[in-house]
1. Name the single residue that is farthest from residue 199 (Cα to Cα) among those in the stretch 119-164 being open to solvent by 40 Å² or more (accessible area, probe 1.4 Å) and of a type in the set (Ser, Thr, Tyr).
2. Could you check, for the stretch 249-269, whether at least one of its residues is crowded, with 22+ Cβ neighbours inside 10 Å, more than 30 Å from residue 297 (Cα to Cα), modelled with pLDDT of 95 or more and not hydroxyl-bearing (Ser, Thr, Tyr)?
3. Would you check if residue 228 is open to solvent by less than 10 Å² (accessible area, probe 1.4 Å) and assigned by the TED database to the domain that holds residue 254?
4. Which of the numbered conditions does residue 191 fail, given that it passes all the others? Conditions: (1) in a loop (DSSP other than H, G, I, E, B); (2) surrounded by fewer than 16 Cβ atoms within 10 Å (Cβ to Cβ).
5. Please go through the stretch 16-52 and pick out each residue that is among the charged types (D, E, K, R), over 17 Å from residue 114 (Cα atoms) and within 25 Å of the chain's Cα centre (by Cα).
6. Can you name the number of the only condition in (1) surrounded by fewer than 17 Cβ atoms within 10 Å (Cβ to Cβ); (2) of a type outside the set (S, T, N, Q); (3) in a loop (DSSP other than H, G, I, E, B) that residue 336 fails?
7. Confirm whether residue 90 is modelled with pLDDT of 95 or more, buried (at least 22 other Cβ atoms within 10 Å of the Cβ) and of a type outside the set (Phe, Trp, Tyr).
Amino acid sequence: PARHFDTGTTEPISFFLSGLEELLAWQPDSNDDFNTSTVPLAKRQPPLHSKRPRTLVCHDMRGGYLEDRFIQGSATRNPYIFYHWRYIDIFVYFSHHTVTIPPVCWTNAAHRNGVPVLGTFITEWTDGERLCEAFLAGGEEAYRAVSTQLARIAQHYRFDGWLVNIENTLSAAAVRNLPPFLRHLTAQVHSAVPGGLVIWYDSVLQSGALKWQNELNEENRVFFDACDGLFTNYNWKEEHLERTRRLAGPRHTDVYVGVDVFARGDVIGGGFDTDKSLHLIRQHGLSAAIFAPGWVYEHLGEENFLHNENKFWGLLAEYLPTHSICTLPLATSFSLGMGTSRFLAGKEEEAGPWYDLSAQEIQPLYPEHAGRLSTSCCLQDAWSGGSSLRVQGTIPPSEERVAIRLFSLQMPAPPKLFLTLLYKLEGPHPNEFTVALELTTSDSGTCHEGNVTSLPEPNGRHHPRFLPAPPPGLNKLLAACDRGSHGWTSRCYELDLQDCSLRDLSLLVSRHQPSPQEMPFTCLLGEVRVLDAASVAASPPQVQSLTASQLWWR
(Lines give C-alpha, C1' and ligand atoms only; values in the text may rest on other atoms or scores of the structure.)
Protein backbone atom coordinates (compact mmCIF):
# COMPACT_ATOMS: atom_id res chain seq x y z
CA PRO A 1 0.00 0.00 0.00
CA ALA A 2 1.23 3.50 -0.94
CA ARG A 3 0.74 4.78 2.60
CA HIS A 4 3.34 2.34 3.97
CA PHE A 5 5.73 1.98 1.02
CA ASP A 6 7.32 4.46 -1.37
CA THR A 7 5.73 3.96 -4.78
CA GLY A 8 9.02 4.67 -6.58
CA THR A 9 11.35 2.38 -4.63
CA THR A 10 9.00 0.11 -2.58
CA GLU A 11 10.98 1.11 0.55
CA PRO A 12 9.00 1.40 3.81
CA ILE A 13 8.13 5.02 4.70
CA SER A 14 6.68 6.97 7.61
CA PHE A 15 3.31 8.62 6.99
CA PHE A 16 0.64 11.02 8.29
CA LEU A 17 -3.18 10.93 8.27
CA SER A 18 -5.28 13.55 6.47
CA GLY A 19 -8.73 14.47 7.72
CA LEU A 20 -11.19 13.00 10.19
CA GLU A 21 -12.20 10.04 8.05
CA GLU A 22 -8.62 8.70 7.82
CA LEU A 23 -8.15 9.18 11.56
CA LEU A 24 -11.36 7.36 12.52
CA ALA A 25 -10.73 4.59 9.96
CA TRP A 26 -7.18 3.93 11.20
CA GLN A 27 -6.53 0.40 12.43
CA PRO A 28 -3.27 -1.38 13.26
CA ASP A 29 -1.95 -2.99 10.08
CA SER A 30 0.54 -5.81 9.45
CA ASN A 31 2.60 -3.31 7.38
CA ASP A 32 3.03 -1.14 10.49
CA ASP A 33 5.98 -3.08 11.88
CA PHE A 34 8.47 -0.77 10.17
CA ASN A 35 6.78 2.31 11.68
CA THR A 36 6.77 1.08 15.27
CA SER A 37 9.58 2.46 17.43
CA THR A 38 11.96 -0.30 18.54
CA VAL A 39 13.75 1.80 21.17
CA PRO A 40 12.11 2.15 24.60
CA LEU A 41 12.32 5.59 26.22
CA ALA A 42 15.58 5.57 28.21
CA LYS A 43 15.41 6.69 31.83
CA ARG A 44 17.20 9.92 32.73
CA GLN A 45 17.54 12.29 35.67
CA PRO A 46 15.84 14.47 36.62
CA PRO A 47 12.60 12.92 35.30
CA LEU A 48 10.21 14.96 33.18
CA HIS A 49 7.76 15.57 36.03
CA SER A 50 10.41 17.24 38.21
CA LYS A 51 9.64 20.89 38.84
CA ARG A 52 12.62 22.42 37.10
CA PRO A 53 11.93 24.47 33.93
CA ARG A 54 11.92 22.33 30.79
CA THR A 55 12.91 22.78 27.17
CA LEU A 56 10.67 21.60 24.34
CA VAL A 57 11.95 21.57 20.75
CA CYS A 58 9.39 21.74 17.96
CA HIS A 59 10.75 20.43 14.64
CA ASP A 60 9.28 22.31 11.69
CA MET A 61 11.25 21.59 8.54
CA ARG A 62 9.79 22.46 5.12
CA GLY A 63 6.50 20.67 5.81
CA GLY A 64 8.07 17.50 7.28
CA TYR A 65 8.31 13.93 5.94
CA LEU A 66 11.38 14.70 3.82
CA GLU A 67 14.30 12.22 3.71
CA ASP A 68 13.41 11.31 7.31
CA ARG A 69 10.38 9.39 5.99
CA PHE A 70 12.64 6.59 4.67
CA ILE A 71 12.60 4.19 7.61
CA GLN A 72 15.65 2.22 6.51
CA GLY A 73 17.64 5.33 5.68
CA SER A 74 18.64 7.05 2.46
CA ALA A 75 21.74 8.24 0.61
CA THR A 76 21.13 11.89 1.53
CA ARG A 77 24.06 14.28 1.46
CA ASN A 78 24.11 16.91 4.28
CA PRO A 79 20.74 15.99 5.90
CA TYR A 80 19.14 17.89 8.79
CA ILE A 81 19.72 16.13 12.10
CA PHE A 82 19.40 16.94 15.81
CA TYR A 83 21.80 15.66 18.46
CA HIS A 84 21.79 18.05 21.46
CA TRP A 85 19.43 15.68 23.31
CA ARG A 86 21.12 16.15 26.71
CA TYR A 87 19.87 19.76 26.73
CA ILE A 88 16.16 19.21 25.99
CA ASP A 89 13.14 17.54 27.62
CA ILE A 90 10.52 17.04 24.86
CA PHE A 91 10.68 16.77 21.05
CA VAL A 92 7.61 17.59 18.92
CA TYR A 93 7.40 16.62 15.24
CA PHE A 94 5.22 19.22 13.53
CA SER A 95 3.57 19.38 10.12
CA HIS A 96 0.36 20.83 8.70
CA HIS A 97 -1.26 17.42 8.09
CA THR A 98 -4.23 16.70 10.38
CA VAL A 99 -2.50 13.86 12.23
CA THR A 100 1.29 14.05 12.24
CA ILE A 101 2.71 10.68 13.30
CA PRO A 102 6.41 11.30 14.04
CA PRO A 103 8.69 9.45 11.59
CA VAL A 104 9.94 6.45 13.54
CA CYS A 105 13.63 7.36 13.08
CA TRP A 106 13.06 10.51 15.21
CA THR A 107 11.33 8.50 17.94
CA ASN A 108 14.16 5.94 17.98
CA ALA A 109 16.91 8.59 18.22
CA ALA A 110 15.08 10.64 20.87
CA HIS A 111 14.16 7.60 22.99
CA ARG A 112 17.74 6.29 22.96
CA ASN A 113 18.72 9.63 24.49
CA GLY A 114 15.84 9.71 27.00
CA VAL A 115 13.63 12.30 25.24
CA PRO A 116 9.86 11.72 24.72
CA VAL A 117 8.40 12.52 21.28
CA LEU A 118 4.99 14.06 20.53
CA GLY A 119 3.03 14.02 17.29
CA THR A 120 0.75 16.91 16.25
CA PHE A 121 -3.05 17.01 15.89
CA ILE A 122 -3.84 20.21 13.95
CA THR A 123 -6.95 21.79 12.43
CA GLU A 124 -6.78 25.08 10.50
CA TRP A 125 -8.60 27.35 8.03
CA THR A 126 -12.16 26.58 6.88
CA ASP A 127 -11.43 22.86 6.51
CA GLY A 128 -10.41 22.90 10.17
CA GLU A 129 -13.68 24.61 11.16
CA ARG A 130 -15.65 21.89 9.38
CA LEU A 131 -13.55 19.13 10.94
CA CYS A 132 -13.98 20.57 14.46
CA GLU A 133 -17.70 21.04 13.92
CA ALA A 134 -17.95 17.37 12.92
CA PHE A 135 -16.23 15.92 16.00
CA LEU A 136 -16.67 18.59 18.71
CA ALA A 137 -20.17 19.99 18.13
CA GLY A 138 -21.64 16.51 17.82
CA GLY A 139 -21.35 15.50 21.46
CA GLU A 140 -19.48 13.15 23.74
CA GLU A 141 -19.46 10.07 21.54
CA ALA A 142 -17.93 11.90 18.56
CA TYR A 143 -15.08 13.62 20.42
CA ARG A 144 -14.32 10.53 22.51
CA ALA A 145 -13.92 8.50 19.28
CA VAL A 146 -11.22 10.98 18.16
CA SER A 147 -9.35 11.08 21.48
CA THR A 148 -9.45 7.28 21.75
CA GLN A 149 -7.98 6.92 18.24
CA LEU A 150 -5.20 9.44 18.94
CA ALA A 151 -4.22 7.57 22.12
CA ARG A 152 -4.30 4.22 20.27
CA ILE A 153 -2.04 5.60 17.52
CA ALA A 154 0.54 6.87 20.03
CA GLN A 155 0.47 3.55 21.87
CA HIS A 156 0.73 1.49 18.67
CA TYR A 157 3.66 3.39 17.13
CA ARG A 158 5.25 3.85 20.57
CA PHE A 159 5.65 7.61 20.69
CA ASP A 160 4.66 9.65 23.71
CA GLY A 161 1.63 11.88 23.10
CA TRP A 162 0.31 14.91 21.23
CA LEU A 163 0.59 18.63 20.66
CA VAL A 164 -2.99 19.82 19.99
CA ASN A 165 -3.22 22.86 17.71
CA ILE A 166 -6.75 24.14 16.90
CA GLU A 167 -6.10 27.14 14.64
CA ASN A 168 -9.60 28.04 13.47
CA THR A 169 -12.69 29.61 15.05
CA LEU A 170 -15.13 27.29 16.80
CA SER A 171 -18.90 27.41 17.17
CA ALA A 172 -20.38 27.75 20.67
CA ALA A 173 -21.30 24.05 20.65
CA ALA A 174 -17.79 22.99 19.53
CA VAL A 175 -15.88 25.13 22.05
CA ARG A 176 -18.11 23.87 24.87
CA ASN A 177 -16.86 20.34 24.20
CA LEU A 178 -13.20 21.30 23.75
CA PRO A 179 -12.16 21.11 27.47
CA PRO A 180 -13.86 17.71 27.98
CA PHE A 181 -12.22 16.48 24.73
CA LEU A 182 -8.79 17.57 26.03
CA ARG A 183 -9.43 15.98 29.44
CA HIS A 184 -10.48 12.71 27.81
CA LEU A 185 -7.53 12.73 25.39
CA THR A 186 -5.10 13.42 28.27
CA ALA A 187 -6.58 10.62 30.40
CA GLN A 188 -6.50 8.19 27.45
CA VAL A 189 -2.87 9.05 26.58
CA HIS A 190 -1.81 8.74 30.24
CA SER A 191 -3.34 5.27 30.51
CA ALA A 192 -2.10 4.04 27.09
CA VAL A 193 1.44 5.47 27.15
CA PRO A 194 3.59 5.46 30.30
CA GLY A 195 4.73 9.05 30.89
CA GLY A 196 2.51 10.24 28.01
CA LEU A 197 1.80 13.96 27.46
CA VAL A 198 -0.81 16.22 25.85
CA ILE A 199 0.18 19.87 25.29
CA TRP A 200 -2.19 22.59 24.07
CA TYR A 201 -1.10 25.35 21.67
CA ASP A 202 -2.21 28.90 22.52
CA SER A 203 -4.72 29.63 19.72
CA VAL A 204 -8.50 29.65 20.28
CA LEU A 205 -10.13 31.17 23.37
CA GLN A 206 -12.91 29.82 25.56
CA SER A 207 -15.29 32.00 23.51
CA GLY A 208 -14.33 30.07 20.33
CA ALA A 209 -12.53 33.07 18.79
CA LEU A 210 -9.13 32.45 17.18
CA LYS A 211 -6.87 34.96 18.94
CA TRP A 212 -3.32 34.16 20.01
CA GLN A 213 -2.66 35.40 23.55
CA ASN A 214 1.13 34.97 23.91
CA GLU A 215 0.50 34.11 27.56
CA LEU A 216 -1.62 32.07 29.95
CA ASN A 217 -4.69 34.10 30.96
CA GLU A 218 -8.35 33.70 31.90
CA GLU A 219 -9.29 33.41 28.19
CA ASN A 220 -7.28 30.20 27.60
CA ARG A 221 -6.74 28.84 31.09
CA VAL A 222 -9.61 26.35 30.75
CA PHE A 223 -7.56 24.44 28.12
CA PHE A 224 -4.35 24.54 30.21
CA ASP A 225 -6.31 23.10 33.16
CA ALA A 226 -7.55 20.22 30.96
CA CYS A 227 -4.13 18.86 29.84
CA ASP A 228 -0.40 18.62 30.67
CA GLY A 229 0.81 21.97 29.41
CA LEU A 230 0.43 25.13 27.29
CA PHE A 231 2.73 26.08 24.38
CA THR A 232 2.34 29.86 24.02
CA ASN A 233 2.48 31.86 20.82
CA TYR A 234 5.69 33.81 20.11
CA ASN A 235 4.84 37.54 20.28
CA TRP A 236 5.22 38.03 24.03
CA LYS A 237 6.88 40.75 26.09
CA GLU A 238 8.13 40.54 29.66
CA GLU A 239 4.77 41.61 31.13
CA HIS A 240 3.17 38.53 29.50
CA LEU A 241 5.71 36.34 31.33
CA GLU A 242 4.98 38.05 34.66
CA ARG A 243 1.21 37.55 34.32
CA THR A 244 1.70 33.93 33.15
CA ARG A 245 3.88 33.10 36.14
CA ARG A 246 1.32 34.55 38.57
CA LEU A 247 -1.64 32.74 37.04
CA ALA A 248 0.11 29.37 36.54
CA GLY A 249 1.01 29.14 40.25
CA PRO A 250 2.60 25.78 41.11
CA ARG A 251 2.20 24.63 37.45
CA HIS A 252 4.54 27.33 36.09
CA THR A 253 6.89 24.73 34.52
CA ASP A 254 3.92 23.37 32.50
CA VAL A 255 3.88 26.63 30.50
CA TYR A 256 6.21 26.38 27.49
CA VAL A 257 6.86 29.91 26.27
CA GLY A 258 7.15 29.88 22.46
CA VAL A 259 10.36 31.11 20.82
CA ASP A 260 10.37 31.26 17.00
CA VAL A 261 13.98 30.90 15.89
CA PHE A 262 13.02 32.51 12.55
CA ALA A 263 11.91 35.60 14.59
CA ARG A 264 8.70 36.13 12.58
CA GLY A 265 6.51 38.95 13.95
CA ASP A 266 7.22 41.20 16.92
CA VAL A 267 9.46 38.90 18.98
CA ILE A 268 12.43 39.07 21.32
CA GLY A 269 15.57 37.32 20.02
CA GLY A 270 15.58 34.60 17.37
CA GLY A 271 18.48 33.26 15.29
CA PHE A 272 21.79 33.52 17.14
CA ASP A 273 20.05 35.90 19.59
CA THR A 274 17.65 33.22 20.82
CA ASP A 275 19.50 33.36 24.16
CA LYS A 276 17.84 36.77 24.81
CA SER A 277 14.41 35.12 24.82
CA LEU A 278 15.58 32.23 26.99
CA HIS A 279 17.23 34.59 29.49
CA LEU A 280 13.86 36.28 30.16
CA ILE A 281 11.85 33.04 30.17
CA ARG A 282 14.16 31.46 32.75
CA GLN A 283 14.15 34.61 34.91
CA HIS A 284 10.45 33.94 35.42
CA GLY A 285 10.94 30.21 36.10
CA LEU A 286 8.98 29.12 33.00
CA SER A 287 9.63 26.36 30.47
CA ALA A 288 10.58 27.17 26.86
CA ALA A 289 9.35 25.87 23.49
CA ILE A 290 11.98 26.42 20.80
CA PHE A 291 10.13 26.41 17.46
CA ALA A 292 11.91 25.70 14.14
CA PRO A 293 15.55 25.43 15.23
CA GLY A 294 16.00 24.12 11.66
CA TRP A 295 16.62 27.84 10.96
CA VAL A 296 20.30 26.94 11.35
CA TYR A 297 20.00 24.55 8.39
CA GLU A 298 17.46 26.41 6.26
CA HIS A 299 18.78 29.95 6.71
CA LEU A 300 22.55 29.42 7.03
CA GLY A 301 22.77 26.54 4.55
CA GLU A 302 23.63 22.88 4.82
CA GLU A 303 27.37 23.06 4.05
CA ASN A 304 28.51 24.32 7.49
CA PHE A 305 25.50 22.93 9.32
CA LEU A 306 27.30 20.94 12.04
CA HIS A 307 29.54 23.91 12.92
CA ASN A 308 26.60 26.34 13.02
CA GLU A 309 24.43 23.90 14.96
CA ASN A 310 27.07 23.60 17.70
CA LYS A 311 27.35 27.40 17.78
CA PHE A 312 23.55 27.82 18.08
CA TRP A 313 23.12 25.36 20.97
CA GLY A 314 26.38 26.48 22.59
CA LEU A 315 24.96 30.02 22.90
CA LEU A 316 21.86 28.63 24.65
CA ALA A 317 23.63 26.12 26.90
CA GLU A 318 23.62 28.26 30.06
CA TYR A 319 19.78 28.40 29.91
CA LEU A 320 19.28 24.68 29.19
CA PRO A 321 19.52 22.45 32.28
CA THR A 322 21.17 19.20 31.18
CA HIS A 323 20.17 15.61 31.91
CA SER A 324 22.03 12.73 33.50
CA ILE A 325 22.22 9.10 32.42
CA CYS A 326 20.96 6.86 35.23
CA THR A 327 21.37 3.29 33.90
CA LEU A 328 24.25 1.09 32.75
CA PRO A 329 25.59 -0.07 30.38
CA LEU A 330 26.54 3.24 28.75
CA ALA A 331 28.06 2.51 25.35
CA THR A 332 28.37 4.85 22.39
CA SER A 333 30.44 5.44 19.28
CA PHE A 334 28.99 8.99 19.04
CA SER A 335 27.56 8.29 15.57
CA LEU A 336 25.10 11.00 14.45
CA GLY A 337 22.99 8.69 12.29
CA MET A 338 24.51 10.16 9.11
CA GLY A 339 27.86 10.39 7.43
CA THR A 340 29.91 10.71 4.29
CA SER A 341 31.22 7.14 4.78
CA ARG A 342 30.49 4.09 6.93
CA PHE A 343 33.22 2.89 9.26
CA LEU A 344 33.70 -0.42 11.06
CA ALA A 345 36.55 -1.08 13.52
CA GLY A 346 38.26 2.11 12.38
CA LYS A 347 38.23 1.19 8.70
CA GLU A 348 36.18 2.86 5.99
CA GLU A 349 33.86 0.10 4.76
CA GLU A 350 31.81 2.08 2.28
CA ALA A 351 32.24 5.60 0.90
CA GLY A 352 29.22 7.75 0.08
CA PRO A 353 26.59 9.72 1.99
CA TRP A 354 24.03 8.02 4.21
CA TYR A 355 21.31 9.16 6.61
CA ASP A 356 19.44 7.04 9.15
CA LEU A 357 18.53 8.65 12.47
CA SER A 358 17.57 5.25 13.91
CA ALA A 359 21.30 4.47 13.82
CA GLN A 360 22.18 7.56 15.86
CA GLU A 361 23.92 6.56 19.10
CA ILE A 362 23.79 8.05 22.59
CA GLN A 363 24.97 11.65 22.34
CA PRO A 364 27.24 13.34 24.90
CA LEU A 365 27.26 16.84 26.31
CA TYR A 366 28.91 19.23 23.86
CA PRO A 367 30.97 21.47 26.19
CA GLU A 368 32.34 24.73 24.74
CA HIS A 369 34.66 27.18 26.50
CA ALA A 370 35.62 30.04 24.19
CA GLY A 371 39.22 29.66 23.06
CA ARG A 372 39.99 26.83 25.51
CA LEU A 373 37.81 23.88 24.53
CA SER A 374 35.44 22.80 21.78
CA THR A 375 33.70 19.51 21.08
CA SER A 376 32.32 18.74 17.64
CA CYS A 377 31.42 15.91 15.28
CA CYS A 378 34.04 14.53 12.92
CA LEU A 379 32.73 12.88 9.73
CA GLN A 380 36.15 12.27 8.17
CA ASP A 381 37.21 9.52 10.57
CA ALA A 382 35.33 7.20 12.92
CA TRP A 383 35.68 3.92 14.75
CA SER A 384 32.13 2.76 14.05
CA GLY A 385 29.18 4.30 12.17
CA GLY A 386 29.58 7.64 10.46
CA SER A 387 31.32 9.97 12.89
CA SER A 388 33.53 10.34 15.93
CA LEU A 389 33.65 13.04 18.60
CA ARG A 390 36.41 15.62 18.08
CA VAL A 391 37.70 17.22 21.29
CA GLN A 392 39.98 20.22 20.74
CA GLY A 393 41.47 22.25 23.55
CA THR A 394 44.47 23.64 25.33
CA ILE A 395 46.27 22.55 28.48
CA PRO A 396 46.98 25.88 30.24
CA PRO A 397 50.56 26.88 31.16
CA SER A 398 51.99 25.05 34.21
CA GLU A 399 49.00 22.69 34.39
CA GLU A 400 49.41 18.98 33.79
CA ARG A 401 45.97 17.99 32.51
CA VAL A 402 42.45 18.99 31.58
CA ALA A 403 39.22 17.03 32.16
CA ILE A 404 36.49 17.30 29.52
CA ARG A 405 33.05 16.32 30.82
CA LEU A 406 31.36 13.96 28.36
CA PHE A 407 28.37 12.68 30.35
CA SER A 408 26.58 13.63 33.51
CA LEU A 409 25.64 10.50 35.50
CA GLN A 410 23.26 9.98 38.40
CA MET A 411 23.11 6.46 39.79
CA PRO A 412 24.55 4.27 42.52
CA ALA A 413 27.90 2.82 41.42
CA PRO A 414 28.03 -0.97 41.15
CA PRO A 415 30.88 -2.58 43.16
CA LYS A 416 32.97 -3.13 40.02
CA LEU A 417 33.04 -1.24 36.73
CA PHE A 418 34.79 -1.95 33.44
CA LEU A 419 35.44 1.01 31.13
CA THR A 420 36.69 0.99 27.54
CA LEU A 421 37.99 3.83 25.40
CA LEU A 422 38.97 4.10 21.73
CA TYR A 423 40.75 7.29 20.71
CA LYS A 424 43.09 8.84 18.18
CA LEU A 425 45.37 11.83 18.86
CA GLU A 426 45.80 14.26 15.98
CA GLY A 427 48.12 17.22 15.52
CA PRO A 428 51.90 17.63 15.27
CA HIS A 429 52.90 16.13 18.66
CA PRO A 430 50.53 13.26 19.54
CA ASN A 431 53.21 11.47 21.59
CA GLU A 432 53.36 14.27 24.15
CA PHE A 433 49.90 13.46 25.56
CA THR A 434 48.22 10.67 27.51
CA VAL A 435 44.47 10.12 27.21
CA ALA A 436 42.37 8.34 29.86
CA LEU A 437 38.92 8.32 31.47
CA GLU A 438 37.97 9.87 34.81
CA LEU A 439 34.85 9.10 36.87
CA THR A 440 33.70 11.45 39.59
CA THR A 441 31.40 10.46 42.44
CA SER A 442 29.09 12.64 44.48
CA ASP A 443 30.59 13.79 47.72
CA SER A 444 29.75 11.18 50.32
CA GLY A 445 31.60 10.27 53.48
CA THR A 446 31.02 6.57 52.84
CA CYS A 447 32.34 6.39 49.26
CA HIS A 448 35.57 4.39 48.91
CA GLU A 449 37.62 3.14 46.02
CA GLY A 450 38.83 -0.45 46.31
CA ASN A 451 38.42 -2.01 49.77
CA VAL A 452 37.07 -0.48 52.97
CA THR A 453 40.56 0.39 54.22
CA SER A 454 41.29 2.68 51.24
CA LEU A 455 41.04 6.40 51.82
CA PRO A 456 38.27 8.35 50.08
CA GLU A 457 39.49 10.14 46.95
CA PRO A 458 39.76 13.93 47.30
CA ASN A 459 36.98 15.68 45.27
CA GLY A 460 35.53 12.24 44.47
CA ARG A 461 37.78 11.90 41.38
CA HIS A 462 38.60 8.33 40.39
CA HIS A 463 41.14 7.22 37.80
CA PRO A 464 40.30 3.65 36.79
CA ARG A 465 43.17 1.14 36.65
CA PHE A 466 44.50 0.31 33.20
CA LEU A 467 43.92 -3.33 32.17
CA PRO A 468 46.59 -4.58 29.74
CA ALA A 469 44.45 -7.64 28.93
CA PRO A 470 40.78 -8.52 29.48
CA PRO A 471 39.93 -10.53 32.59
CA PRO A 472 39.16 -14.25 32.00
CA GLY A 473 35.78 -14.89 30.42
CA LEU A 474 35.44 -11.33 29.08
CA ASN A 475 37.85 -11.52 26.18
CA LYS A 476 34.98 -11.45 23.66
CA LEU A 477 33.44 -8.29 25.00
CA LEU A 478 36.66 -6.50 25.87
CA ALA A 479 38.67 -7.99 23.01
CA ALA A 480 40.18 -4.67 21.99
CA CYS A 481 41.92 -3.89 25.30
CA ASP A 482 45.26 -3.15 23.73
CA ARG A 483 44.81 -3.66 20.05
CA GLY A 484 43.34 -0.70 18.27
CA SER A 485 43.66 -0.57 14.50
CA HIS A 486 43.91 1.98 11.69
CA GLY A 487 45.59 4.48 14.01
CA TRP A 488 43.06 4.08 16.84
CA THR A 489 44.29 3.29 20.35
CA SER A 490 42.20 1.00 22.52
CA ARG A 491 42.20 0.95 26.32
CA CYS A 492 40.34 -1.01 29.02
CA TYR A 493 40.08 -0.05 32.68
CA GLU A 494 38.53 -1.36 35.88
CA LEU A 495 37.36 0.44 39.00
CA ASP A 496 36.15 -0.97 42.32
CA LEU A 497 33.86 1.30 44.33
CA GLN A 498 31.96 0.93 47.60
CA ASP A 499 28.89 3.00 48.58
CA CYS A 500 29.40 5.59 45.84
CA SER A 501 27.12 7.54 43.49
CA LEU A 502 28.39 8.19 39.97
CA ARG A 503 28.34 11.84 38.91
CA ASP A 504 30.42 12.54 35.76
CA LEU A 505 32.35 10.71 33.07
CA SER A 506 35.18 12.84 31.71
CA LEU A 507 38.00 12.50 29.22
CA LEU A 508 41.36 13.26 30.83
CA VAL A 509 44.10 14.65 28.57
CA SER A 510 47.50 14.95 30.30
CA ARG A 511 50.91 16.07 29.10
CA HIS A 512 54.01 14.04 29.87
CA GLN A 513 56.29 16.96 30.75
CA PRO A 514 55.29 20.01 32.81
CA SER A 515 55.79 23.19 30.82
CA PRO A 516 55.27 26.96 31.18
CA GLN A 517 53.74 26.93 27.67
CA GLU A 518 50.11 26.20 26.90
CA MET A 519 49.73 23.07 24.77
CA PRO A 520 46.96 22.62 22.18
CA PHE A 521 45.61 19.11 21.56
CA THR A 522 43.09 17.41 19.26
CA CYS A 523 41.65 14.03 20.15
CA LEU A 524 39.06 11.94 18.29
CA LEU A 525 36.89 9.68 20.44
CA GLY A 526 35.70 6.58 18.62
CA GLU A 527 33.93 4.72 21.41
CA VAL A 528 33.36 4.89 25.16
CA ARG A 529 31.76 2.19 27.32
CA VAL A 530 30.96 2.04 31.04
CA LEU A 531 29.88 -1.46 32.07
CA ASP A 532 28.67 -3.03 35.29
CA ALA A 533 31.01 -6.02 35.72
CA ALA A 534 28.24 -8.18 37.23
CA SER A 535 25.87 -7.87 34.27
CA VAL A 536 28.71 -8.15 31.74
CA ALA A 537 29.56 -11.62 33.06
CA ALA A 538 25.96 -12.85 32.59
CA SER A 539 25.24 -14.47 29.25
CA PRO A 540 23.08 -12.39 26.88
CA PRO A 541 19.43 -13.41 26.38
CA GLN A 542 18.79 -15.71 23.43
CA VAL A 543 16.75 -14.40 20.51
CA GLN A 544 13.32 -16.09 20.53
CA SER A 545 10.64 -16.71 17.88
CA LEU A 546 12.32 -15.12 14.88
CA THR A 547 10.08 -14.83 11.82
CA ALA A 548 10.63 -13.60 8.27
CA SER A 549 7.72 -12.44 6.13
CA GLN A 550 6.96 -10.76 2.80
CA LEU A 551 9.93 -12.31 1.05
CA TRP A 552 10.32 -12.15 -2.70
CA TRP A 553 13.44 -13.95 -3.92
CA ARG A 554 14.90 -12.60 -7.14
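1. 126
2. no
3. Values: open to solvent by less than 10 Å² (accessible area, probe 1.4 Å): no; assigned by the TED database to the domain that holds residue 254: yes.
No.
4. (1)
5. Of all residues in the stretch 16-52, those among the charged types (D, E, K, R) come to 21-22, 29, 32-33, 43-44, 51-52.
Still in the running and over 17 Å from residue 114 (Cα atoms): 21-22, 29, 32-33, 51.
Scanning the stretch 16-52 gives 32, 33, 51.
6. (1)
7. Working: modelled with pLDDT of 95 or more: yes; buried (at least 22 other Cβ atoms within 10 Å of the Cβ): yes; of a type outside the set (Phe, Trp, Tyr): yes.
So residue 90 fits the description; yes.
Conditions (1) outside the structural domain of residue 399 (by the TED database); (2) among the small types (Gly, Ala, Ser); (3) at pLDDT 95 or above; (4) open to solvent by less than 10 Å² (accessible area, probe 1.4 Å), marked per residue:
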{"site": "431", "(1), (2), (3), (4)": "no, no, no, no"}
{"site": "451", "(1), (2), (3), (4)": "yes, no, no, no"}
{"site": "461", "(1), (2), (3), (4)": "no, no, no, no"}
{"site": "466", "(1), (2), (3), (4)": "no, no, no, no"}
{"site": "476", "(1), (2), (3), (4)": "no, no, no, no"}
{"site": "496", "(1), (2), (3), (4)": "no, no, no, no"}
{"site": "501", "(1), (2), (3), (4)": "no, yes, no, no"}
{"site": "517", "(1), (2), (3), (4)": "no, no, no, no"}
{"site": "533", "(1), (2), (3), (4)": "no, yes, no, no"}
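The values are calculated or read from the model by the stated rules, or taken from the named source; none is laboratory data. Computed from a prediction, not measured in an experiment: that's the story for all the values here. Every residue, glycine as well, gets a Cβ built from its backbone with ideal geometry; the counts of neighbours run over all protein chains shown. We work out accessible area using only protein heavy atoms, side chains counted, and drop any ligands, DNA or RNA first. Shrake-Rupley method; radii C 1.70, N 1.55, O 1.52, S 1.80 Å.
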